[in-house]
1. Looking at region 99-113, which of the residues that are more than 17 Å from the chain's Cα centre (by Cα) and of a type outside the set (D, E, K, R) is modelled with the highest pLDDT?
2. Read through the list (1) hydrophobic (A, V, I, L, M, F, W, C); (2) at pLDDT below 90; (3) within 26 Å of LEU108 (Cβ to Cβ), then give the number of the only condition that ALA184 fails.
3. Which pairs have Cβ atoms under 9 Å, sit 6 or more apart or on different chains, and link a residue in region 125-143 that is without any contact (Cβ under 8 Å) to a residue 40 or more places away in the chain and in the same structural domain as LEU197 (by TED's automatic domain parsing) to one that is surrounded by fewer than 13 Cβ atoms within 10 Å (Cβ to Cβ) and of a type in the set (S, T, N, Q)?
4. Do we have any residue at all in region 18-35 that's assigned to a loop (DSSP other than H, G, I, E, B), buried (at least 17 other Cβ atoms within 10 Å of the Cβ) and basic (Lys, Arg)?
5. In region 134-144, what residues are closer than 23 Å to SER91 by Cβ and surrounded by fewer than 18 Cβ atoms within 10 Å (Cβ to Cβ)?
6. Residues being part of a strand (DSSP E or B) and either in the same structural domain as PRO41 (by TED's automatic domain parsing) or farther than 18 Å from PHE175 by Cα (or both): count how many of those fall in region 109-124.
7. Could you tell me whether TYR106 is surrounded by 15 or more Cβ atoms within 10 Å (Cβ to Cβ), not assigned by TED's automatic domain parsing to the domain that holds HIS165 and not β-branched (Val, Ile, Thr)?
8. Within region 53-68, does at least one residue satisfy the condition of being within 30 Å of VAL256 (Cα to Cα), touching a helix residue (DSSP H, G or I) at 6+ places or on another chain (Cβ under 7 Å) and not assigned by TED's automatic domain parsing to the domain that holds LEU189?
Amino acid sequence: MCREEQEALFWETCREFDLNPPPNTEVLVSACTRPSARGVPGGEVLFVHEGLTDKTYLLDLRTGEKRDIPDDPLFLDHRVFLSSELVWLESGVAADPNDPNYRPHYILDLTDGQRYELFDATRLPRLDDYKFDPKYYSYFTGAEQVFIDQSKNTLIALSTNFRQHPEDNVIISQFSLGSASSSAKNGELLEQLMKDLGVDYQTIDFSLMYADVPSPTGKYIVRDDGIYLSKINTPVMPRDLGWYFRGWYYDESGVVFHEGTTFLYHAPFGGGVGFPVSYPILKLRLPAQ
């Protein structure tokens with residue numbers, strides 16, 4: 001198939017996808033942009049990349065507005081969204097501040113474009129048995145916002161008025177809580193510690209490999225095989241969501257759903273070469289409760 005034929009078939013197919021989405025869905029981003037997406041906690045915005053145009057932006061799910069992403073060199077490769085306004089810029093480079101390659105963890109505030117450094121609590125002095133010293137629990141009990149990323153075994157605690165008091169903002173790994181953490185599930189000890197301390201926290205992991213994903217108010221929960229009412233564990237939408245789930249909608253009226261890419265073949269004589277066509281990014285509506 002020549003290039004012109006491929007392009008014609010691509011446009012024909014992606015338009016068909018857009019015009020005839022599955023039942024109980026609506027198109028958020030056209031298949032004709034070759035989109036990919038990742039959900040953001042709270043469901044206010046969606047992180048979108050259009051492969052055809054090479055545009056990356058935050059799609060406001062309330063208004064449909066496309067917001068520009070920050071001009072920050074760490075954002076594209078080292079971002080973890082904590083909310084629609086706050087992004088963790090993960091370090092991953094040299095934990096020792098004396099190392100010339102050291103790079104700290106940051107919080108990037110999308111409202112002002114500023115970075116705020118996080119103090120790495122793994123550097124705090126330990127007890128004789130290498131356990132975390134309880135005298136430092138004040139970092140957590142005094143925090144206004146606490147986030148736990150289960151897949152990364154990491155907790156971030158932000159102080160009240162964290163922009164004015166960055167010295168009280170900390171990040172800590174579950175492995176800092178003692179040797180027993182090696183046998184614990186992802187994020188388990190961090191969550192248990194916050195419960196023991198009476199500290200409210202939010203989980204921010206959107207990977208179904210590691211955890212179920214609660215809706216913004218906790219009313220529902222997404223699993224591989226569908227959506228359930230959390231408290232009574234009753235299926236609301238029994239459907240294979242798997243890796244197609246991309247995030248919750250802010251008002252819990254649905255989820256963001258994307259089946260990725262399919263390959264089309266033009267094979268008039270039993271052969272042919274496949275080429276990719278993306279599905280649209282959809283809102284999959286929940287049944288009325």
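1. As a first pass, look at region 99-113 and keep what is more than 17 Å from the chain's Cα centre (by Cα): 99-105, 111-113.
Filter once more, keeping what is of a type outside the set (D, E, K, R): 100-102, 104-105, 111, 113.
Working: PRO100: 71, ASN101: 73, TYR102: 73, PRO104: 87, HIS105: 92, THR111: 87, GLY113: 88.
Among them, the one singled out is HIS105.
2. Here ALA184 clears every test but (3).
3. From region 125-143, the pairs are GLY142/THR160.
4. yes
5. If the condition is that a residue be closer than 23 Å to SER91 by Cβ and surrounded by fewer than 18 Cβ atoms within 10 Å (Cβ to Cβ), then TYR136, GLU144 are the ones that fit.
6. 5
7. Criteria not met by TYR106.
8. Yes, some residue in region 53-68 is within 30 Å of VAL256 (Cα to Cα), touching a helix residue (DSSP H, G or I) at 6+ places or on another chain (Cβ under 7 Å) and not assigned by TED's automatic domain parsing to the domain that holds LEU189.
The values are calculated or read from the model by the stated rules, or taken from the named source; none is laboratory data. Values in this document were obtained by computation on a predicted structure and should not be read as measured data. Reconstructed Cβ throughout: ideal geometry from the backbone, glycine too, with neighbour counts over all protein chains shown.
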